Amino acid sequence: MALYIAQDLPGVLGARLTGAGFGGATVTLCERASRAANCCRILKALRRRHWNCATRFRFPDCGWRQVGKSAADGSDALIRDPF
């Protein structure tokens, strides 16, 4: 499902499914400027469909992040994963 959602987002260059043994994961290549917004969009879309999904994302340049609330305005944002 996340694969199909990602394909329609602005700034996404490609997406693929991997590791489907435990429900799988997607690898999505997107422009740096759109990655935080796209992570939040994908997660919201999955939750609207009542999917139990992970909230952690991995980026090559800044490590693990999770979707949380922005300290500035309370909107969804990528925050440093405490683990």
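For 32, 41, the sequence from fewest to most other C-beta atoms within 10 Å is 32, 41.
Residue 28 sits among other residues whose Cβ lies under 9 Å from its own Cβ, and their net charge, with Lys and Arg +1 and Asp and Glu -1, is +2. The 3J(HN,Hα) values that the Karplus relation (6.51, -1.76, 1.60; θ = phi - 60°) gives for the range 44-49 are, in residue order, 4, 5, 5, 5, 4, 8 Hz. Gly and Pro appear as x.
Segment residue 73..residue 4, full-extension length gain: 21.9 nm, with 0.36 nm per residue of separation and the alpha-carbon distance subtracted.
Here, each number is a calculation from the coordinates, and none is a lab measurement. These numbers were taken from a predicted model, which means no experiment stands behind them. Quick reminder, even Gly has a Cβ in these numbers, built from the backbone with ideal geometry, and neighbours come from all protein chains shown.
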